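Remarks on the structure that follows.
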Amino acid sequence: MKPFLWKIHTNINKGRLHKKERVDDMQPVFLVLGGTQNSLPVIRKAQELGLRVLVIDPDKNAVAARRANYFEVEDPNCLECVENIARKYNVVGSMTRNELYVATVCYLNEALHLPKQGEGIGETVRDKYVMKQAFKRDGIVMPEPFYKIENKEELEKVRAELEIDLLDSPFIVKPSDQRGSIGITKIERIKQFDKAVAKALKRANNQKVIVEKFVNGQQLGAQGFSIDGELVKCFISRKTYSPTFVSLGHSFPISLSPEEIRAIEEECSKALRSLGIMNGPSTIDISLDKKGKPHIIEIGARAGGTVLPETILAHTGIDLVKASVALASGMKVEFPMPKNVPVAAHKLSFPKSGKIKNIRNYHKLIQHYKPAGFELHINRNMDVIANREYGYVIITGNTGIAEKKCSEFILELRNLIDLY
């Protein structure tokens, strides 16, 4: 990473932290919503492209505050607040890697006539039930049946349906507006239903719960990239995940037939058109059933987490974060000729929350595994939250062996980290 060259001055005014650096005032400003660790690559790539970066985050101590050119303390879900700040800085584009802020980016890019993902897609990318309704309308293959629970009447109705449905298949219960595995439960018996709904409801900001059939098959991920309504890149990976469906990592290339890959790409393309996502990155969760038929679970209109862009870069040489920033700021996007390096990645997370007591020397671990990529984002006395990402490892080679090595590496690394 290039050294941070600008001298930074900070001052707090009305709860907002503002940074100033010695750059040409004519240099355009790019907005990043969210100041957590996964925003740092976006900031770095935007600055490499000659942009100043404005970050908005509710936490004045957000890790990205020191890396951005400008930082404002505000709730990224406050549409009016974000719009006012964006107008003040005259931003040329915006993006986020946080699922909770995608709808704000969609709104802002339309309101300010900036390069946008699509027209009027804020609700479909925010609410998974609305997303599933669009899929059903357009004939997208997805888990069915699915139900919504928003009140007591719907709760009782869905319970009655599941009395029969659960005889055929397990179901998934999850919040309608959360990302990844947050608040999700797989149920196989009706007696698990109420507890699962309560768990999902606790994490649902919109107080809406989705219940959908569990598709028993291979869990895949796809990182798409669209330009003017065409899915120009679709990187399909095998997902590694925990028993509670927490995504742990990915591996490339996928061991599927050309026909199966084409079927996945076509279904992804149809699903993106169904949602109106015309430009930029997309993160697509897919389940491949036992007959090899792809089912679209859900789509995020953002660059993926769980080390996806970094793994794709190691696999193909294509920098999706940089391409995403370029497209979102109105620049032309050009992709290099892709490589095809077998690779796997695994994030560092902890099964329970706690505080870092000690980090023992891990240099021998690095020397033994020789990873293609490795980052560790923890320090002593730091609080960690269960299942959050605090670093990653990328290992090249035969994907099956690389997956195994990644898992072993992370396990050995965790054994060198003491929590209390």
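Before moving on, here are some points about what is shown:
- The stretch 76-86 - residue that is surrounded by 21 or more Cβ atoms within 10 Å (Cβ to Cβ) and not β-branched (Val, Ile, Thr) and, of those, nearest to Pro58 (Cα to Cα): Pro76
- Only one of Gly93, Gly120, Gly180 that is touching a Gly at 6+ places or on another chain (Cβ under 9 Å), at pLDDT below 95 and farther than 30 Å from Asn387 by Cα: Gly120
- Counting only helices (runs of 4 or more DSSP H) that fall entirely inside the stretch 92-204 and contain at least 1 residues that are hydroxyl-bearing (Ser, Thr, Tyr), the qualifying elements are 102-111, 122-126, 128-137.
- Considering residues of the stretch 174-203 that are under 21 Å from Glu144 (Cβ atoms) and aliphatic (A, V, I, L, M) only, the residue surrounded by the fewest Cβ atoms within 10 Å (Cβ to Cβ): Ile190
- Boolean, Met337 is without any contact (Cβ under 8 Å) to a residue 40 or more places away in the chain, in contact with a strand residue (DSSP E or B) (Cβ under 7 Å, 6 or more places away or on another chain) and among the aliphatic types (A, V, I, L, M): no
- Number of the condition not met by Glu310 [criteria: (1) part of a loop (DSSP other than H, G, I, E, B); (2) surrounded by fewer than 24 Cβ atoms within 10 Å (Cβ to Cβ); (3) touching a Gly at 6+ places or on another chain (Cβ under 8 Å); (4) not polar (S, T, N, Q)]: (1)
- Taking the listed residues Ile410, Ile401, the one that is farther than 20 Å from Ser39 by Cα and touching a strand residue (DSSP E or B) at 6+ places or on another chain (Cβ under 6 Å) is Ile410, with no other qualifying.
- Hey, Tyr89 closer than 13 Å to Leu112 by Cα, in contact (Cβ under 8 Å) with a residue 40 or more places away in the chain and surrounded by fewer than 24 Cβ atoms within 10 Å (Cβ to Cβ) or not: yes
- Residue check for Ser282: in contact with a His (Cβ under 7 Å, 6 or more places away or on another chain), of a type in the set (S, T, N, Q) and surrounded by 20 or more Cβ atoms within 10 Å (Cβ to Cβ): no
- Residue within the stretch 356-367 that is touching a residue at least 60 places away in the same chain (Cβ under 8 Å), more than 19 Å from the chain's Cα centre (by Cα) and at positive phi present: no
- When the stretch 9-56 is filtered for residues that are assigned to a loop (DSSP other than H, G, I, E, B) and modelled with pLDDT of 95 or more, the ones remaining, listed by number, are Pro28, Gly34, Gly35, Leu49, Gly50, Leu51.
- Single unsatisfied condition, Phe171 versus (1) crowded, with 18+ Cβ neighbours inside 10 Å; (2) within 30 Å of Leu327 (Cα to Cα); (3) more than 21 Å from the chain's Cα centre (by Cα): (2)
- Residue satisfying condition, being surrounded by fewer than 23 Cβ atoms within 10 Å (Cβ to Cβ), modelled with pLDDT of 95 or more and touching a helix residue (DSSP H, G or I) at 6+ places or on another chain (Cβ under 8 Å), within set Leu348, Leu320, Leu327, Leu365: Leu365
- The listed residue being crowded, with 17+ Cβ neighbours inside 10 Å and in a loop (DSSP other than H, G, I, E, B), out of Arg302, Arg238: Arg302
The values are calculated or read from the model by the stated rules, or taken from the named source; none is laboratory data. Remember, predicted model here, so these are calculated numbers, not experimental data. Virtual Cβ from ideal backbone geometry, glycine too; neighbours counted across all protein chains shown.
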